[in-house]
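One structure is given here, and the rest of the page talks about it.
Read-outs throughout are calculated quantities, based only on the coordinates presented, and are distinct from any laboratory measurement. The shown structure was predicted, so the numbers you read here are calculated from the model rather than taken from an experiment. All Cβ positions, even for glycine, are placed from backbone atoms using ideal geometry, and neighbour counts span all protein chains on display.
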Amino acid sequence: MLSTFSEHADLELSSDSASEAWPDTTALRTVQAQGDLGVRMFEALAGALTAGREMAMVVGSDSPGLPARHIGALLESEAEVTLGPTLDGGFFAIACRRVQASMFDHVRWSTEFALADVAQRAAQCGLQVATGPTWFDVDVEEDLERMLKMSDLPRHAARWSADYRR
């Protein structure tokens, strides 16, 4: 799905260690900075903005079937920080025109408060915050069941689903 944006954006696949996953992607591959999720996201966003990009976005890898229009909505936002909410109170992506390291301080990661914490911290940093359309991510069994009911699973998730159901 993200490859649909390759004509309009530089794509980078950043993982926590060197990986050959997603062999069909032509995106630049990098290894994430060391630290908690906030540190890793800040480093990725700040690095892209410092390199001269007008906007930088981090998209999580645990939102199967994420519609391209959801990413498009975040990219079209004029806000300095735009979050793509998930049903559980987190977010599937964050798009930024400006960042401050402290916007990721004291965030209760992997809880129903993650989105609210980042939004509040970013606002406290003087950044304009917006949210885009809501999707889901896969963190618990209920999320997995929601994914398995999708009729248009992405290729890799569909293959995994077929194996899982055997």
Segment R155-D62, extension gain: residue separation times 0.36 nm, minus the distance between their alpha carbons: 32.1 nm
message: If the only charges are +1 at each Lys and Arg Cβ and -1 at each Asp and Glu Cβ, what is the size of the charge dipole of region 58-137 around the Cα centre, to the nearest 20 debye?
response: 180
task: Give me D for the chain in µm² s⁻¹, whole number, from Stokes-Einstein with Rh from the Kirkwood sum over alpha-carbon pairs, 20 °C and 1.002 mPa s.
output: 129
- request: Would you look at the GNM of the chain, springs on alpha carbons closer than 10 Å, and say which of D117, D137, D62 moves the most?
  value: D62
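Using the Cα centre as the reference, give the magnitude of the dipole from point charges on the C-beta atoms of region 2-138 (Lys, Arg: +1; Asp, Glu: -1; all else neutral), rounded to the nearest 20 debye.
260
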field: Listed residue (L37, A68, V138) projecting farthest to the positive dipole end of the chain, Cβ model
entry: A68
query: Over region 80-166, what is the relative contact order in whole percent, taking alpha-carbon pairs under 8 Å and six or more residues apart?
result: 30
task: Please report the relative contact order for region 2-138, taking Cα pairs under 8 Å with a sequence separation of at least 6, and give it as a percent rounded to a whole number.
output: 22
